[in-house]
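Notes follow once the structure below has been shown.
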Amino acid sequence: MVAALRADGHDVTVIDSGCTAAHRVPPVADVSGVPVRRVDLRDRDAVAAALVGVDAVVHQAAMVGLGVDLDDLPDYVGSNDLGTAVLLAVMARADISRLVLASSMVVYGEGAYECPQHGPTRPVGRAEDDLAAGRFEPVCPACRSPLRPGLVTEDAPLDPRNVYAATKVAQEHLSAAWARQTGGAVVALRYHNVYGPRMPRDTPYSGVAAIFRSALAAGRPPRVFEDGGQRRDFVHVRDVAAANLAALASTAVRPGWRAYNVASGRPATIGAMAAELSRAADGPPPVTTGEFRLGDVRHVVASPARAEAELGFRATVELSAGLAEFAHAPLRG
Ligand code: UD1
């Protein structure tokens, strides 16, 4: 994103707390030639100093993932929500009125579903007994038939199902309140599964692409949970950077708050993605383990139509080409 912003003529300041839980090695000192200032968003004075002369903020800082256990809860809320609250307060005080916020598809919980008999519906919560018995597909709350997954649009109800998801919903709501009160502009980008060069290595806070890539780098097979049939939309980091540029441009002309899915529109199963990455890396084929995590959702795939219509953003990197590059691209610490 820093490289894309600079190529587009922006002057960029980078701040990063260097959160040790999310980095296996000390975080980098510069990104694409821009020095990284070690600032924690919760430190109001440090944030205010970093924002001098800034006219727009692209806020990507967050603890992501499912974490280790509930001892993580205060850190998630502190980093993601208190951090965002401090940022918004400092921006208001400094008359900075443009914000791009990295949100996530996890705000939707399970995706959109249709029952052959009852039409569009929301699935019943996933029960541990069903998952342990290998019943992974969501079922209709009325008749318990398996549901057909569909594309989630931005108007879908928010339904956060884990701590991280709840902190992302709170970030969205805080920034919407800020936009109403200040007259500022916020674009919330609901990222789907991001992958690509310079991803962090495998940590409890990493997404599946980084975990699989790290396993292959160590000569181990990717471990595919459930039966591998769960669907996600993998979107390349260069496309995500392009979406941020488009969002930033929109905050210059359109006040108020608006959310967009950032997705390729071409979903894949986790099993298929793992197989393709293993092949591209010349590594061992994936192992499907049947393991499951209660906080996981089964399918979440989105419509990218609103971002294309309103921001002019369309993902361009095909998954097979992106994975071929990612299989050999360097990871960061
Ligand atoms: C991920 C990110 C989330 C981000 C969202 C959108 C994490 C942990 N999750 O959510 O922060 O907001 O994308 O960008 O960073 N799986 C395996 N094997 C593994 C690990 C996971 O098969 O070793 C499976 C999981 O069961 C799940 C799928 O892969 O079905 C995706 O997992 P993951 O990337 O962890 O979480 P998302 O819910 O997609």
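The values are calculated or read from the model by the stated rules, or taken from the named source; none is laboratory data. From a predicted model like this one, the values you see are computed outputs, not experimental measurements. We place every Cβ from the backbone using ideal geometry, glycine too, and count neighbours over all the protein chains shown. In case anyone asks, the SASA skips ligands and DNA or RNA and just uses the protein heavy atoms, side chains included. Shrake-Rupley method; radii C 1.70, N 1.55, O 1.52, S 1.80 Å.
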- Task: Tell me, please, whether a residue that is of a type in the set (Val, Ile, Thr), out of contact with any Phe, Trp or Tyr (no Cβ under 9 Å at 6 or more places or on another chain), surrounded by fewer than 17 Cβ atoms within 10 Å (Cβ to Cβ) and modelled with pLDDT under 95 can be found in region 119-135.
- Result: yes
- Task: Those residues that are part of a strand (DSSP E or B) and either modelled with pLDDT under 95 or open to solvent by 60 Å² or more (accessible area, probe 1.4 Å) (or both), I need them from region 246-284; list them, please.
- Result: Trp257, Arg258
- Message: What pairs come out if I take residues in region 274-298 that are touching a residue at least 60 places away in the same chain (Cβ under 8 Å) and pair them with residues that are near the ligand (Cβ under 8 Å from one of its atoms) and β-branched (Val, Ile, Thr) whose C-beta lies under 6 Å away, six or more apart or interchain?
- Response: Ala274/Val224; Pro286/Val224; Thr288/Val224
- Item | region 285-314, subset basic (Lys, Arg) and more than 14 Å from the ligand (Cβ to nearest atom), residue most open to solvent (accessible area, probe 1.4 Å) | Arg314
- Query: If you take just the strands (runs of 3 or more DSSP E) that sit entirely in region 1-96, which of them hold at least 3 residues that are open to solvent by less than 50 Å² (accessible area, probe 1.4 Å) and at pLDDT 95 or above?
  - Reply: 57-59
- Message: Which residue is nearest to the ligand (Cβ to nearest atom), if the candidates are limited to region 224-245 and must be open to solvent by 20 Å² or more (accessible area, probe 1.4 Å) and farther than 16 Å from Glu318 by Cβ?
- Response: Phe225
